[in-house]
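*Asks:* The structure's right below; bear with me while I get my questions together.
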């Protein structure tokens, strides 16, 4: 465990809402800076950090579908939203002196690199943070699935699922059910069998097939990203059997 850390290379899955803060929509600059500062602390330990960011603070494909839009078209708009979030996060990190590269699954050469696996790994080895934007590049896949896919491709030690205001995985929604029980440890099969809504089933099965541990934790508590990387017992850890 070098530098007192449990995970040396991680994929952090950030929801778009994490960048919106209390306003719930768009990008909230103070929230962006807070997340960037926490990431810098982890990066300064020598941990190799990849980030997959969602786009729910700008657009949701499901919303577009409800408006009568074709699902694929709605999903492509969502991918563009993730790219806006990624560029904002890149700017916040570089403002703190952290070298960052954005790679998009849909080519936009003027603003970011296209996703190239070997290049991304080289960036990590050189101490750069890599932000994967644009989802998988295909409609019908969530950014949770992107996180599982990129974690497998990057040979990451774990996926860190940063949640807004939720400190782990519960048997039911703790905001609606006072009898909901928090789990400290689960297997990937538990997630699928119990229909626990941690990530979508495609992402869960991909994490299970590639034996990638998952840690679900509350992003809103300062210092939690560092605690997870150090292996402290917070949130819910999901592993193989």
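*Asks:* Taking segment 12-28 as the search range and keeping residues that are without any contact (Cβ under 8 Å) to a residue 24 or more places away in the chain and part of a helix (DSSP H, G or I), which one is nearest to residue 92 (Cα to Cα)?
*Replies:* 21
*Asks:* While we're on this one: Looking only at segment 52-65, count how many residues are assigned to a helix (DSSP H, G or I) and under 11 Å from residue 143 (Cβ atoms).
*Replies:* Of the residues in segment 52-65, the ones assigned to a helix (DSSP H, G or I) are 61-65.
Cutting the leftovers down to under 11 Å from residue 143 (Cβ atoms) gives us 61.
Going through segment 52-65 one residue at a time, the tally reaches 1.
*Asks:* Could you grab me the full set of residues in segment 227-240 that are part of a helix (DSSP H, G or I) and surrounded by fewer than 20 Cβ atoms within 10 Å (Cβ to Cβ)?
*Replies:* Hits for segment 227-240 are 227, 230.
*Asks:* If you don't mind, another one. Return yes or no: is residue 68 at pLDDT 95 or above and in a loop (DSSP other than H, G, I, E, B)?
*Replies:* So residue 68 does not fit the description; no.
*Asks:* Let me ask something additional. Name the single residue, out of those in segment 48-72 being surrounded by fewer than 18 Cβ atoms within 10 Å (Cβ to Cβ) and touching a residue at least 12 places away in the same chain (Cβ under 8 Å), that is nearest to the chain's Cα centre (by Cα).
*Replies:* Restricting to residues being surrounded by fewer than 18 Cβ atoms within 10 Å (Cβ to Cβ) and touching a residue at least 12 places away in the same chain (Cβ under 8 Å), the top hit is 62.
*Asks:* Within segment 195-226, which residues are surrounded by fewer than 16 Cβ atoms within 10 Å (Cβ to Cβ), without any contact (Cβ under 8 Å) to a residue 40 or more places away in the chain and closer than 14 Å to residue 168 by Cβ?
*Replies:* 197 - this is the single residue of segment 195-226 that is surrounded by fewer than 16 Cβ atoms within 10 Å (Cβ to Cβ), without any contact (Cβ under 8 Å) to a residue 40 or more places away in the chain and closer than 14 Å to residue 168 by Cβ.
*Asks:* Count, please, the residues in segment 116-142 that happen to be in contact with a strand residue (DSSP E or B) (Cβ under 6 Å, 6 or more places away or on another chain) and within 26 Å of residue 45 (Cβ to Cβ).
*Replies:* So the count comes out to 9.
The values are calculated or read from the model by the stated rules, or taken from the named source; none is laboratory data. Not measured: the values here are computed from a predicted model. Here Cβ is always computed from backbone atoms with ideal geometry, including for glycine, and neighbour counts include all displayed protein chains.
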